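Here is the structure we will look at, set down as structure tokens.
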Amino acid sequence: MPKAIELINFSYTYADGTPALSDITLSIEHGQKAALIGPNGAGKSTLLLAMAGFVKGSGKVLVDGLEINRKNLKQVRTMLGACLENPDDQLFMPTLFDDVAFGPLNMGVGAEQVKARVAEALKTVGLADMADKAPHHLSAGQKRAAAIATILSMSPKIITLDEPDGSLDPRNRRNLIKLLSNLPQTLIIATCNMNFAAALADRAVLLDKGRIVADGCAQDILWDSTLMPEHGLEVPAQPKA
Amino acid sequence: MHHAYIDKFAYQDSAIHRLDGRIKFLVVLVFTAVVISLPRTSPAILACYAVGPFAVLVWAGIPLGFAVKHILVISPFVLVLALSCPLYDKTPVTVLFGPVTWRTSLGWMRCFTILGKFVVTMLALIALVSTTRFNDLLAGLQKLALPRLLVIQLGFLYRYIFLLIDRAHHLLRAKAGRKLRNLGVKTELRLAAAMLGSLLIRSIDSAGRVNIAMQARGFDGNWRTISKLQIRPADLLFAAVAACFLLALHFLIRPVLR
């Protein structure tokens, strides 16, 4: 069975010559919940963009066994839903319904089925009665949930989330953890918040300066009191399970 | 920050709110065209035309103070135009207002006509945007064959204008927090230019990220939406009432009040 995500010797350099990702080799199995952790500027967001085919460097990126190229980008993005860091970038339509329907409509799904998918996605994230709301009328927590609904309606096998817990209060963060824990999809979550990563991930990939410095079981990496401070991070506040 | 400036009352529920956006848009369009094309006219006739949008606002439960406030906000631009009329046209005229006779100039008559038409058409426009959700209006405009690109642009404008206003407020607050003395006009202008530049760069960045979000969801340049618009008997009745109102004013009231 093909891996959900596979990167083989992937490197990417910014236009100004700064290396962003260097020789990344990584594979993530279907059904895993992997946390991409690392300090600011480590390359987490760029790596997520590479997985969705937005960043083209050297080496290979495969999604569900399919190597990303210009011809199969649409197919890749049907399998992999990318949720950006700022929900205001993700929610660009005048109403929540239109936003959640945007992906399925572009996939060619019929109108009636789109309506059913929108209703299901909004129900999953707890916004069932807000379909007609304008995104600027939602709270930060609701915007985050809505951004996830825009991906869920496309029924992807893999979901990437960039700093999904950013600007959320503790209650909304708990709600988000509950929501993400219950999703059956493969999740790849970039975060600087180790408590968030510890609550969700079964696997942790530590990035620093564009390189993978540790990869393994979340329990082993997140609570490594030598490794984490070395890379500007801290161990989670909650005790190791 | 919570915004509800443009569509503050559009999410209410009333018979007017439930009407199809296309019908309301077309009615307001025709009404505005009729009012603008009126020849130099008496305030009494304009007051009769104002009854239409006034009735819609009252029926829809839109506070009149809200409409007046918005008219006052925009009025300076029209006031400049209107108040220039008495300066260049001083031809004397006599106005009969019932038993009252008033001697004035043609310029002042033009001035009052411009202001009157402005108030009446603005009332109609406010009635439209206060009773129609912006997305319904956009969907209606698209159905009415307005260029799709323009509709998309309007949609993005509506979606992101609030964020832009927020960002501008944040910048102004950051400036106010550190501006502890009078900086003088030259420095203030330089700061304003820097802030505008910052807003522009952030907007361009934002546009790039929105583009990524769109492509991530399969956008290929074709804009696809599900239209929920449907013309019902109530919409046709509203259009008929509006048409009767305009025809009655044109053929019955105007000849009497002329």
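Values quoted throughout were computed directly from the atomic coordinates according to the rules given, and no laboratory measurement underlies them. As the structure is a prediction and not an experimental result, all values here were calculated from the model. Neighbour counts run over all protein chains shown; Cβ positions are idealised from the backbone, glycine included.
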Check: Relative to the longest principal Cα axis of chain A, at what angle does helix A:96-107 sit, 0 to 90 degrees, rounded to 10?
Finding: 80 degrees
Notebook entry, point to check: Can you give the mean number of other chain Cβ atoms that lie within 10 Å of the Cβ atoms in peptide A:144-152?
Noted result: 1
Next item on the list: Express in whole angstrom the spacing between the alpha-carbon centres of segment A:1-68 and segment A:110-131.
Entry: 31 Å
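Quick check on the exposure proxy: order B:Ser227, A:Ser167 from fewest to most C-beta atoms within 10 angstrom.
B:Ser227, A:Ser167
Once the Cα gyration tensor of the protein assembly as shown is diagonalised, what are the square roots of 5 times its eigenvalues, in whole Å and ordered largest first, as equivalent ellipsoid semi-axes? Spell out each step's value before the answer.
Details: eigenvalues 628, 144, 72 Å².
Ellipsoid half-lengths, sorted descending, are 56, 27, 19 Å.
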Checklist line | Partner lysines for A:Lys143 [C-alpha distance under 19 Å; skip if fewer than 8 residues away on the same chain] | finding: A:Lys123, A:Lys133, A:Lys178
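Quick one, could you list the DSSP H helices from chain B stretching 20 Å or more along their long axis (Cα atoms) with average Kyte-Doolittle hydropathy of 0.0 or above? Don't skip to the end; give the middle numbers.
Values: long enough: B:21-36 (22 Å, 2.22); B:43-60 (25 Å, 1.84); B:64-88 (34 Å, 1.87); B:106-131 (37 Å, 1.66); B:148-178 (45 Å, 0.51); B:184-216 (48 Å, 0.60); B:233-248 (22 Å, 2.08).
Both cut-offs are met by B:21-36, B:43-60, B:64-88, B:106-131, B:148-178, B:184-216, B:233-248.
How big, in percent, is the set of alpha carbon pairs in chain B lying more than 32 Å apart?
Numbers: 13990 of 33153 pairs.
Summing the P(r) of chain B above 32 Å gives 42 percent of all pairs.
Please go through the residue pairs A:Lys60/A:Lys240; A:Lys44/A:Lys74; A:Lys44/B:Lys175 and name each one whose alpha carbons sit more than 31 Å apart in this structure. Mind dumping the intermediate values first?
Working: A:Lys60/A:Lys240 35 Å; A:Lys44/A:Lys74 23 Å; A:Lys44/B:Lys175 33 Å.
Checking Cα-Cα distances, A:Lys60/A:Lys240; A:Lys44/B:Lys175 exceed 31 Å.
Trypsin sites (Lys or Arg not before Pro) within segment A:102-209: which are DSSP loop residues with at most 15 other Cβ atoms inside 10 Å?
Values: sites: A:Lys115, A:Arg117, A:Lys123, A:Lys133, A:Lys143, A:Arg144, A:Lys157, A:Arg171, A:Arg173, A:Arg174, A:Lys178, A:Arg203, A:Lys209; in loops: A:Lys133, A:Lys157, A:Lys209.
For trypsin sites (Lys or Arg not before Pro) across segment A:102-209 that sit outside H, G, I, E and B with at most 15 neighbouring Cβ atoms in 10 Å, the list reads A:Lys209.
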Checklist line | Environment charge at A:Leu91 (Cβ cut-off 15 Å; Lys +1, Arg +1, Asp -1, Glu -1) | finding: -2
Next item on the list: Treat every Asp and Glu Cβ in chain A as -1 and every Lys and Arg Cβ as +1, leave all other atoms uncharged, and give the resulting dipole magnitude about the Cα centre to the nearest 20 debye.
Entry: 460 debye
Next item on the list: Place +1 on the Cβ of every Lys and Arg and -1 on the Cβ of every Asp and Glu in chain A, take the dipole about the Cα centre, and give the residue among A:Pro156, A:Ala42, A:Cys192 whose Cα lies farthest towards its positive end.
Entry: A:Pro156
Checklist line | Percentage relative contact order, segment A:112-157, counting C-alpha pairs under 8 Å, at least six apart | finding: 51 percent
Item checked: On Cα atoms only, tilt of A:140-152 relative to the major axis of chain A in degrees -> 80 degrees
Next item on the list: Name the long-range amide H neighbours of B:Asp89: under 5 Å, sequence gap of 5 or more, or other chain; modelled H, no Pro or chain starts.
Entry: B:Gly107
Next item on the list: Give the angle, between 0 and 90 degrees and rounded to the nearest 10, that separates the Cα long axis of helix A:111-124 from the longest principal axis of the Cα atoms of chain A.
Entry: 60 degrees
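To the nearest 20 debye, what is the magnitude of the charge dipole of the protein assembly as shown about its Cα centre, counting +1 on the Cβ of each Lys and Arg and -1 on the Cβ of each Asp and Glu? Present the calculation step by step, with values, prior to reporting the outcome.
Numbers: 54 positive and 36 negative charges, 398 e Å.
I would put it at about 1920 debye.
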Checklist line | Positive-end residue of B:Gly197, B:Met214, B:Leu141, charge dipole of segment B:130-258 with Cβ unit charges | finding: B:Gly197
Item checked: Whole-percent pair-distance distribution, where bins are 5 Å wide, for the alpha carbons of segment A:87-241 -> 2, 9, 18, 19, 17, 12, 10, 8, 5, 1, 0
Checklist line | Diffusion constant of segment A:1-89 at 10 °C, which comes from Stokes-Einstein with the Kirkwood Cα-pair radius and 1.306 mPa s, µm²/s | finding: 116 µm²/s
Next item on the list: Quick one: give the max-minus-min coordinate of the C-alpha atoms of segment A:114-154 along each principal axis, largest first, in Å.
Entry: 24, 17, 13
Notebook entry, point to check: Fewest first, what order do A:Thr78, B:Thr32, A:Thr13 take by the number of other Cβ atoms within 10 Å?
Noted result: A:Thr13, B:Thr32, A:Thr78
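Explain nothing, just the number: dipole magnitude of chain B about its Cα centre with +1 on each Lys and Arg Cβ and -1 on each Asp and Glu Cβ, in debye rounded to the nearest 20.
Numbers: 30 positive and 10 negative charges, 142 e Å.
Value, rounded to 20: 680 debye.
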